[in-house]
Amino acid sequence: MREKTIFERIVAGELPCNKVLEDNDFLAFHDIHPRAPIHILAIPKKHFKDFQEFDPELMAKMTLFIQKLAVLLGLDKSGYRLISNCGKNSGQEVFHLHFHILGGFELPKDKAEQANPQALF
Ligand code: AMP
């Protein structure tokens, strides 16, 4: 049988988290290694390995949840970055779908954006 991911264990109450917002379908909590003054993870309670496997109907509900979260955190006006690493090449480490919500300062531009794509091949 597949071993539960850290985030499934958090949902099950087996591991603690620093919770920010919760409803029937989703949970949001502080990232344990924050990379911005505000770094929150939003996850569905139901297990999906990554975004590629996610249910579009639940994604619609999750959009509302993240928008509500941004208001709660005071990020709706100042702005934030929303990231979901999907699969091996993205560097995804926890294989339970999650969105990173980063904000609280002017985020640096992603270095990959500045790289010459030709140099990658
Ligand atoms: P990713 O690389 O997109 O899979 O991101 C996984 C994120 O989960 C990383 O930013 C970790 O710092 C974070 N993380 C891992 N374990 C925990 C935990 N127990 N509580 C909160 N965040 C965690």
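Coordinate-derived values only; no laboratory data. These numbers come from a predicted model, not from an experiment. In this analysis, Cβ positions are derived from the backbone assuming ideal geometry, glycine residues included, and neighbour counts consider all displayed protein chains.
In terms of modelled amide H atoms, which long-range or inter-chain residues lie less than 5 Å from the amide H of PHE48?
Amide H neighbours of PHE48: LEU97.
Would you mind telling me which residue in LEU69, LEU15, LEU27 has the biggest mean-square fluctuation in a Gaussian network model of the chain, where springs connect alpha carbons within a distance under 10 angstrom?
Looking only at LEU69, LEU15, LEU27, the largest GNM fluctuation is found for LEU15.
Relative to the present Cα-Cα distance, how much length would full extension add between ASN89 and GLN67 at 0.36 nm per residue of separation?
The ASN89-GLN67 span can extend by a further 5.2 nm.
Can you tell me how region 14-81 classifies by the Cα gyration tensor, rounded, prolate or oblate, using a/c under 1.5 as the rounded cut?
It comes out oblate by the Cα gyration axes.
Report relative contact order for the chain in percent, whole number only (criteria: Cα-Cα under 8 Å, sequence separation at least 6).
Once normalised by length, the contact order is 28 percent.
What Rg and what Dmax come out for region 1-118 when only alpha-carbon atoms are used, in angstroms?
Cα only, region 1-118: 14.7, 47 Å (Rg, Dmax).
If each residue's Cβ is checked for other Cβ atoms within 10 Å, how do VAL94, VAL11, VAL71, VAL20 rank with the fewest at the top?
VAL71, VAL94, VAL20, VAL11
With each pseudo-label sitting 7 Å past Cα toward Cβ, what's the ASN24-LYS46 distance in nm, one decimal?
1.2 nm
What does the charge count around MET62 come to, taking other residues whose C-beta lies under 12 Å from its C-beta (Lys +1, Arg +1, Asp -1, Glu -1)?
Its environment carries a net charge of 0.
Once the Cβ-Cβ distance between LYS77 and ILE32 is put in as r, and R0 is 25 Å, what FRET efficiency do you end up with, to the nearest 0.05?
E(calc), rounded to 0.05, equals 0.40.
Go ahead and set up a Gaussian network model of the chain, Cα springs under 10 Å, then flag whichever of LYS61, LYS46, LYS88 fluctuates most.
LYS88
In the Gaussian network model of the chain, springs joining C-alpha atoms below 10 Å, which of GLY91, GLY79, GLY104 carries the largest mean-square fluctuation?
Comparing GLY91, GLY79, GLY104 in the GNM, the peak value goes to GLY91.
Could you check the simple spin-label distance between MET1 and LEU15, using points 7 Å along Cα→Cβ, in nm with one decimal?
1.8 nm
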